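K.L.:
After the structure tokens below, expect a handful of questions from me.
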Amino acid sequence: MQENVTGMVLKSSPIGEYDKRIVLLTKEYGKISAFAKGARKQDSPLLACSQPFTFGKFAVFRGRHSFHINAAAVQNYFTGLRSDLDGVYYAYYFCEIADYFAAENIDGLEMLILLYQSLRALGLPSLDNHLIRYIVELKMLAINGEMPRVFQCVCCGSKEELSYFSIQKQGVFCKSCGEDTKDIRISEAAVFTLQKIINTECKSLFTFAVSGQVLEELRNVIGNYWKNRVDKVFHSIGIWEEAEKGLL
Ligand SMILES: [Zn+2]
């Protein structure tokens, strides 16, 4: 039976001479693997829709082992972003993260909205790509139930003077509980930003900017928390970081 799913292409790989295997994040079934017959032929109607980070509606048929894509109506190729190398690396990275967290038969809607909105945000010159990255990382952890506790002190429960972030205890400490620890000192504005990322719906997440100091704090806190929670090296961001350091 053929059905329509809404989703985004996370990655695609060639199979045989003319075909492709596509991994899609869908609203309906979470992450699915789909076979796109003839998608590598120049005149194939599936040629364009099988590129990574293509968003749209896909007509799929469920086979015994995998889905088959019969047709696609692309709604967004994110063409603005494709001309910007920096943005493209981040887009690949966000797709890699979604591929890591998503599974088949989950409700993929939240993750799909996060991915869609983050790719849109990468195309906007007003937003810093580093900030978009930290928002995506923290929100992806939050969607998957692995967020840090940032609304009250993990030790005494106080909501006042939250001044330290502990990677090990996975949350914030107030000034008096955190004083003797060697945890990360964190500003009120940075705590507020962490709370805001966790509390805000994905569709409204990419609407604010932060100071350079807060951005640096987010890099430190979210970067280290991420490394602590996610046991995987992501190739796309590794390549990009080396390029940024001038190593390539
Ligand atoms: Zn406390």
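K.L.:
Within the set of pairs 6+ apart or on separate chains, which have a first residue in the stretch 150-169 that is assigned by TED's automatic domain parsing to the domain that holds Leu138, a second that is β-branched (Val, Ile, Thr) and in a loop (DSSP other than H, G, I, E, B), and C-beta atoms under 6 Å apart?
P.N.:
Sorted first by the residue in the stretch 150-169, then by its partner, the pairs are Phe165/Ile186; Lys169/Val154.
K.L.:
Where residues in the stretch 178-195 are loosely packed, with under 14 Cβ neighbours inside 10 Å and either of a type in the set (Asp, Glu) or in contact (Cβ under 8 Å) with a residue 24 or more places away in the chain (or both), which of them is farthest from the ligand (Cβ to nearest atom)?
P.N.:
Looking at residues that are loosely packed, with under 14 Cβ neighbours inside 10 Å and either of a type in the set (Asp, Glu) or in contact (Cβ under 8 Å) with a residue 24 or more places away in the chain (or both), I get Ala189.
K.L.:
Mind listing whichever residues of the stretch 58-95 are crowded, with 18+ Cβ neighbours inside 10 Å and closer than 28 Å to Tyr134 by Cα? I'd like the intermediate steps shown before the answer.
P.N.:
Initially, the stretch 58-95 is screened for residues crowded, with 18+ Cβ neighbours inside 10 Å, giving 58, 60, 67, 69, 72, 78, 81, 87-95.
Within the stretch 58-95, Phe78, Leu81, Gly87, Val88, Tyr89, Tyr90, Ala91, Tyr92, Tyr93, Phe94, Cys95 qualify.
K.L.:
Look at Val230 and say whether it is within 21 Å of Asp99 (Cα to Cα) and of a type in the set (A, V, I, L, M, F, W, C). Spell out the reasoning first.
P.N.:
Details: within 21 Å of Asp99 (Cα to Cα): yes; of a type in the set (A, V, I, L, M, F, W, C): yes.
So Val230 passes the test.
K.L.:
With the structure loaded, tell me whether Lys175 is over 17 Å from Gln213 (Cβ atoms), without any contact (Cβ under 8 Å) to a residue 60 or more places away in the chain and away from the ligand (no atom under 12 Å from the Cβ) or whether it fails that test. Explain how you work it out, then say what you get.
P.N.:
Numbers: over 17 Å from Gln213 (Cβ atoms): yes; without any contact (Cβ under 8 Å) to a residue 60 or more places away in the chain: yes; away from the ligand (no atom under 12 Å from the Cβ): no.
So Lys175 fails the test.
Yes/no per residue for (1) in the same structural domain as Leu119 (by TED's automatic domain parsing); (2) assigned to a strand (DSSP E or B); (3) farther than 16 Å from Ala102 by Cα; (4) modelled with pLDDT under 90:
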position	(1), (2), (3), (4)
Pro14	no, yes, yes, no
Lys20	no, yes, yes, no
Lys31	no, yes, no, no
Gln42	no, no, yes, yes
Phe53	no, no, no, yes
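Here is a yes/no grid of residues against (1) polar (S, T, N, Q); (2) more than 20 Å from Leu115 (Cβ to Cβ):
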{"position": "Val172", "(1), (2)": "no, yes"}
{"position": "Leu205", "(1), (2)": "no, no"}
{"position": "Ala209", "(1), (2)": "no, yes"}
{"position": "Leu215", "(1), (2)": "no, yes"}
{"position": "Ile222", "(1), (2)": "no, no"}
{"position": "Tyr225", "(1), (2)": "no, yes"}
{"position": "Ser236", "(1), (2)": "yes, no"}
{"position": "Glu242", "(1), (2)": "no, yes"}
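K.L.:
Of the residues Ala91, Ala121, Ala98, only one is assigned to a helix (DSSP H, G or I), assigned by TED's automatic domain parsing to the domain that holds Lys139 and either polar (S, T, N, Q) or in contact with a strand residue (DSSP E or B) (Cβ under 6 Å, 6 or more places away or on another chain) (or both); which? Give the derivation first.
P.N.:
Values: Ala91 fails: either polar (S, T, N, Q) or in contact with a strand residue (DSSP E or B) (Cβ under 6 Å, 6 or more places away or on another chain) (or both); Ala121 fails: either polar (S, T, N, Q) or in contact with a strand residue (DSSP E or B) (Cβ under 6 Å, 6 or more places away or on another chain) (or both).
Only one candidate passes the filter, namely Ala98.
K.L.:
Anything in the stretch 101-118 that is over 18 Å from Tyr29 (Cα atoms) and in a loop (DSSP other than H, G, I, E, B)? List them, or say none.
P.N.:
Our first condition is that a residue be over 18 Å from Tyr29 (Cα atoms); within the stretch 101-118, this holds for 117-118.
Correct list: empty.
K.L.:
I'd like the full set of residues that are in a helix (DSSP H, G or I) and farther than 21 Å from Gln168 by Cβ, limited to the stretch 127-139. Before the answer, list the steps.
P.N.:
Of the residues in the stretch 127-139, the ones in a helix (DSSP H, G or I) are 129-139.
Asn129, His130, Leu131, Ile132, Arg133, Ile135, Val136, Lys139, listed by residue number.
K.L.:
Would you check which residues across the stretch 191-210 are touching a helix residue (DSSP H, G or I) at 6+ places or on another chain (Cβ under 7 Å) and not hydrophobic (A, V, I, L, M, F, W, C) and list them?
P.N.:
Thr193, Lys203
K.L.:
Moving to a separate point now. Do we find a residue being among the polar types (S, T, N, Q) and surrounded by fewer than 16 Cβ atoms within 10 Å (Cβ to Cβ) anywhere in the stretch 33-41?
P.N.:
yes
K.L.:
Residues that are surrounded by fewer than 17 Cβ atoms within 10 Å (Cβ to Cβ), within 16 Å of the ligand (Cβ to nearest atom) and not polar (S, T, N, Q): does the stretch 213-229 have at least one?
P.N.:
Looking through the stretch 213-229, none of the residues is surrounded by fewer than 17 Cβ atoms within 10 Å (Cβ to Cβ), within 16 Å of the ligand (Cβ to nearest atom) and not polar (S, T, N, Q).
K.L.:
Can you tell me which residue is farthest from the ligand (Cβ to nearest atom) among those in the stretch 128-157 that are surrounded by 15 or more Cβ atoms within 10 Å (Cβ to Cβ) and basic (Lys, Arg)?
P.N.:
Here the residue is Arg133.
K.L.:
I would also like to ask the following. List the residue pairs whose Cβ atoms are under 6 Å apart, where the first residue sits in the stretch 63-84 and is part of a strand (DSSP E or B), the second is at pLDDT below 90, and the two are 6 or more positions apart or on different chains.
P.N.:
Ala72/Cys49; Val74/Cys49
The values are calculated or read from the model by the stated rules, or taken from the named source; none is laboratory data. Note that this is a predicted model, so its numbers are computed, not measured. Note that we place each Cβ from the backbone using ideal geometry, even for glycine, and neighbour counts take in every protein chain shown.
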